[in-house]
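The values are calculated or read from the model by the stated rules, or taken from the named source; none is laboratory data. The structure presented is a predicted model; accordingly, all values stated were derived computationally and were not measured. For neighbour counting, all protein chains shown are included, and Cβ atoms are generated from backbone atoms with ideal geometry for every residue, glycine included. Note: accessible area is taken over every heavy atom of the protein model, side chains too, but ligands, DNA and RNA are not part of it. Shrake-Rupley method; radii C 1.70, N 1.55, O 1.52, S 1.80 Å.
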Amino acid sequence: MATVVPLTRTLLRSSLTHTGRQLSAAAAGSHGEQAARTWKILSFVVALPGVAVCMLNMYLKEQQHSHEQPEFIPYSHLRIRSKRFPWGDGNKSLFHNAHVNALPGGYEGHEE
């Protein structure tokens, strides 16, 4: 019993000290709330309009962009086919896009 009393006092002191730390942290918590409020305001006032302006810029530039295929130049080091692809007709890559990707003879519909 004699050893339980000092142990109890030590535990009570540590819990009281810990409670004091929590109270001092809670007093500093108002700064955290103010910082969170500031970042929330900055998000709505700066970040969201910034994203909207970037989206508008991208949309307007895309509207001005010409959608014509560039001239086909048959460079000897590009579109080399040493063997056929194992899908489709064997000449088109797996993610082939007829509007962008040229075949060895040129763009589809313009082959010589």
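Scanning region 66-77 for residues that are touching a residue at least 24 places away in the same chain (Cβ under 8 Å) and open to solvent by less than 80 Å² (accessible area, probe 1.4 Å) returns Q69, F72.
Look at region 81-105: where a residue is free of Cβ contacts under 8 Å to residues at least 12 places away in the same chain and a partner is among the aliphatic types (A, V, I, L, M), sitting 6+ places away or on another chain with Cβ atoms under 8 Å, you get F85/L94; W87/L94; K92/L103.
Among the residues of region 81-112, how many are within 30 Å of S66 (Cα to Cα), open to solvent by 90 Å² or more (accessible area, probe 1.4 Å) and either at pLDDT 85 or above or not in a loop (DSSP other than H, G, I, E, B) (or both)? If you could, list the steps in order and put the result at the bottom.
As a first pass, look at region 81-112 and keep what is within 30 Å of S66 (Cα to Cα): 91-112.
Then drop every residue that is not open to solvent by 90 Å² or more (accessible area, probe 1.4 Å), which leaves 94-95, 99-100, 110-112.
Next, from what is left, pick out any that are either at pLDDT 85 or above or not in a loop (DSSP other than H, G, I, E, B) (or both): 94-95.
Residues flagged as within 30 Å of S66 (Cα to Cα), open to solvent by 90 Å² or more (accessible area, probe 1.4 Å) and either at pLDDT 85 or above or not in a loop (DSSP other than H, G, I, E, B) (or both) within region 81-112 amount to 2.
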